[in-house]
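Presented below is the structure to which this report refers.
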Amino acid sequence: MTDPRLTALGRRSLLAGAAAAPVLMTLDQARAQGVAPRRGGTLTTMLTPEPPVLVLGVNNQGPTLVAASKIYQGLVKFSPTLEPLPELAKSWSVSEDKRTYTFELQPNVKWHDGRPFTAEDVRFSIMEFHMQLAPRARGVFQRITDVRINNDHSISFTLNAPFEPFLLMFDVTACAIAPSHIYKGTDFRNNPANARPIGTGPFQFVEWQRGNFIRMRRFDDYWKPGQPYLDEIIYRIIPDSQSRRLALQTGQVQLSQANDIEPFDIPQFETLPNTQVVKTGWEYFAPLSWIEVNQRLDVLKDVRFRRAMAHAIDRNFIAQRLWFGTAKAATSPIASGTRFHDPNARLPEFNPRAATALLDEMGLRPNAQGVRHSVKLLTLPYGEVWTRLSEYLRQALRQVGIDVTLESTDAGGWVRRLANWEYELTVNFVYQFGDPTLGVARTYISSNIQKIAFTNTSGYSNPEIDRLFDEAQAEPETAKRAEIFKQVQAKLIADMPLIWTIELLFPTVHDRRLRNVIQLGTGVHASFDDVFFAA
Amino acid sequence: MGAERLLRFLAQRLVKAAIVVLAIVVFQFVLIRLAPGDPASVIAGQSGAADAEFMAQLRAQFGLDRPMHEQLWIYVKGILTLDLGFSHRQQLPVATLIWDRLPATLLLTGAAFLFAISAGVALGVAAARRVGRPADSVITVIALTFYATPIFWVGLLLVLIFSVWLEWLPSFGMYTVGADLTGLAYALDVGRHLILPAITLGLFFLAIYARLARASMLEVADQDFVRTAHAKGVPEGRIIRAHVLRNALLPVITFAGIQAGQLVGGSILVETVFAWPGIGRLAFDALLQRDYAVLLGVFFCTAVMVVLFNLITDLLYAVIDPRVEVA
């Protein structure tokens, strides 16, 4: 007989071990499946659209993050539950007053040009490189009042005040460590070295044929002995979504990510014997989509009208029928995978009668054609599925007497119109970056009403919300922040400044022989140093 | 035709051509700026985060903070010294970007052009010789079908048949990346990748050439000098070649001249469906990203080519039909 207490204890310690050392867990998992990592092989995958340059910081577009995260690394990386895990920092500590963060760096790390990686590279990357280049990093790193290099492999940052989400900014996608010896004292954006990125990652840049492919090779001096397992990674540029589908289906490429494959093609890959569809790996970004409502316009600034729209739209229909299960119906302004999501938060339920009742209450009576009010919806020009969404919204809103005229534009035109507040309704999706202070506040606080895309472009303003976000930002205790964000969610849902629709899951499709693809909360943005082809 | 006269003709045409090209450059420069959005806002949109400092940095880097007339003057000055400018977005000179993509485009459009004109004229001649008979009907219907079918659909259908079902040919790309082939093996590899896109692009033009050749063959075949040749007892094959075809070729050449001018422009659709790394995609992406310098560079190259091929076509007329004189 087994002592039940022992089993329980064993299980608990196993869980604790798993959380602390997921790399080990990976190997265990692999062994459990009877598959030991195997050296060799070329992974051919895709990249859409083609990035302009591959230096993180100089460019932070989606495709750049996917490819360059194999070349560069951050100090930490994040588990699916957004716990920090060691990367270039082998450990870290936070002082008693929660203002000083000390990182102990991995020894024996080399840049791809053979130079050693030191604490100076970390200081330079944070205080100069990203501080100058990247808007998000600048917003957070400006809080740093003091930097101390303790020795070549130890560095401390002191903040002006406690900032609980600080560590989330050290993922490779937010703050990739750049080589000081190449960039220091130069014009970062125009440095000729941008053509051949130099990082510490498991793969080094080999060649880039524009419009064709990007090729990376295994870095033999990588700091983890025996890794990476793959010999090469090739990112093919395939502009047409149907061509991408065929390339994946025929095995000419073995991995797709983000929106490479249209949602309506995903069910097919779920049934194919040689491919696997993974719907996790975007927890860190947590893309949340909504209908953005320009609140400078008369009827649109009435909360009853916005609530009516929310009642008129079936979020489950959007997630299941338009996105074919590659999205989840939103339940709150804070995405369900991120910290501080309130599982009890509820958006107005799908109920067209409630919608018409609200419109009646506003005095918007239907005319002879059944139209109560007319609005324009600027379609998000990011592909077929977003066009379908706009068509669905037009029909759903017409059901309750809101007549929608669709406006179309291209990506450049859309950003310009969003930034200049030249729209009535539009669809948008925004990353939440793991913490509401980093990725949610910017959309709602009134100090961020700017003529720039991805600020508070809708013009929503509520002093109470401003105060709560400020408090949550200054609050060092996680539990207290959770309490504040609970209030934030309740108040935002009451105000409905935007009509939240779905959380995008961005499915990853890969060849079944390819192992360890999605293990982090950043999914395909991992370094891939442990990815391998099973025999 | 005297050599002096030819030279004077050439000089005149080249001066006119230079003026036309320069006018096109200025016109397009202004036209592009009318599109809403600029490269900085596109990058901000794609990065998903921005602040005022970031936008100002990008606009300064791209030279967009200067007045429009100054930007235009800088660009025209560059063009006059054959400097196509610099793509700040891609951190590369525009000439490099275009030069890298040009061979792929020329290979694709050239192959499609040769396929279309040779097969098209052959089909047209065959149809004209059997006019009214089943073979003529079959060829005419086929030509009409290709003419009427959207090019991307033909492309996807060919991929389905030859790549997915039969697994004979690759469905995208220009060569096998990572195989590091050289010499003959490389040429064969490129050839295998070339077949589907070249046929897709060629089929549409093949239809046009077949219909053009057939119509003008029939028109010429009815004329008196052909009847005279028949009466003199000239063999049938020689009548077709020397009397009918040579005269029937003029409209075909006119059209080929127009098509040849577009060779450098590539084909956005075919390059998109087959992920062919050519100029068409470069221009299309540059348009979406508001990468002005690249877009203008491509426009400049295609404008020069169109003007050049018009000139060559005019000269070719004179060679094929001695009655036509350059003037």
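Any read-out appearing in this document is the output of simple, stated calculations on the displayed coordinates, not a laboratory observation. Source: prediction; values computed, not measured. Methodologically, a virtual Cβ is constructed for each residue, glycine included, from the backbone with ideal geometry; neighbour enumeration extends over all protein chains shown.
Observations
- Look at the alpha carbon pairs under 8 Å that are at least 6 residues apart: their mean separation over the length of segment B:27-100 gives a relative contact order of 19 percent.
- Here's the thing: no lysines lie within a cross-link span of B:Lys232, going by alpha-carbon distance under 29 Å and ignoring same-chain residues fewer than 8 apart.
- Overall form of chain B: oblate. Here a/c, set by the Cα gyration tensor axes a ≥ b ≥ c, is 1.5 or more, and a/b is not larger than b/c.
- Cross-link partners for A:Lys77 among the lysines, with Cα-Cα distance under 22 Å and sequence neighbours closer than 8 places in the same chain left out: A:Lys90, A:Lys98, A:Lys110, A:Lys224, A:Lys279.
- Computed over chain A: relative contact order in percent, which uses C-alpha pairs under 8 Å that are six or more apart: 20 percent
- Amide hydrogen proximity for A:Ser154: with H placed 1.01 Å from N in the peptide plane, the residues at 5 or more positions away or on another chain lying under 5 Å are A:Leu105, A:Ala119.
- Remark on A:Phe532: its backbone amide H falls under 5 Å from those of A:Arg515, a criterion applied only to residues 5 or more positions apart or on other chains, H modelled at 1.01 Å from N.
- Ranked list, fewest to most other Cβ atoms within 10 Å of each Cβ, for A:Ile518, A:Ile237: A:Ile518, A:Ile237
- Couplings 3J(HN,Hα) for segment A:292-302, derived from phi with the Karplus relation 6.51 cos²θ - 1.76 cosθ + 1.60 (θ = phi - 60°), are 8, 10, 6, 8, 7, 9, 3, 5, 5, 7, 7 Hz, where x marks Gly and Pro.
- Prolate/oblate/rounded call for segment A:73-197, Cα gyration tensor, a/c under 1.5 rounded: prolate
- Whole-Å distance, taken between Cα centres, linking segment A:135-202 and segment A:35-94: 15 Å
- Positive contributions from Lys and Arg (+1) and negative ones from Asp and Glu (-1), summed over other residues with Cβ under 10 Å from the Cβ of A:Arg210, come out at -1.
- Rounded tilt (10° steps) of B:94-129 against the dominant C-alpha axis of chain B: 20 degrees
- Residue order, fewest to most surrounding Cβ atoms within 10 angstrom, among A:Asp410, B:Asp222, A:Asp260, B:Asp38: B:Asp222, A:Asp410, B:Asp38, A:Asp260
- Screening chain A for whole DSSP H helices of 20 Å or more along their axis (Cα) with average Kyte-Doolittle hydropathy at least 0.0 returns A:4-20.
- Per-residue [θ]222 nm for chain B (sum of -39500 (n - 2.57) over DSSP H runs n ≥ 4, rounded to 500): -24000 deg cm²/dmol
- Angle between chain B longest axis and helix B:3-34 axis [Cα atoms, degrees, rounded to 10]: 40 degrees
- Taking GluC sites (Glu not before Pro) in DSSP loop states with no more than 11 other Cβ atoms inside 10 Å as exposed sites, chain B has its longest site-free stretch at B:1-166.
- Sequentially through segment A:78-85, phi angles give Karplus couplings (6.51, -1.76, 1.60; θ = phi - 60°) of 10, 6, x, 9, 6, 7, x, 10 Hz, Gly and Pro residues having no value and appearing as x.
- Hz values of 3J(HN,Hα) by residue in segment A:436-442 - Karplus curve (6.51, -1.76, 1.60), Gly and Pro given as x: x, 5, 7, x, 9, 3, 4
- Taking Cα atoms only, the orientation of helix B:183-221 departs from the longest principal axis of chain B by about 50 degrees.
- From helices alone, chain A scores -8000 deg cm²/dmol at 222 nm; the rule is -39500 (n - 2.57) for each run of n ≥ 4 DSSP H residues, then divide by the residue total.
- Between the listed residues A:Ala89, A:Thr118, A:Pro192, the Cα displaced farthest toward the positive end of the dipole of segment A:73-197, a dipole computed from Cβ unit charges relative to the Cα centre, is found at A:Pro192.
- The protein assembly as shown shape via C-alpha gyration tensor axes, a/c threshold 1.5: prolate
- Cα-based reach from A:Lys301 at 28 Å (exclusive), listing lysines while leaving out same-chain residues under 8 positions away: A:Lys328, A:Lys376, A:Lys451, A:Lys486, A:Lys491
- Near the amide H of A:Tyr72, within less than 5 Å, lie the amide hydrogens of A:Gly201, all on another chain or at least 5 residues away, with H placed in the peptide plane.
- A Cβ-based charge dipole, computed about the Cα centre of chain B with Lys and Arg at +1 and Asp and Glu at -1, lands at about 1120 debye.
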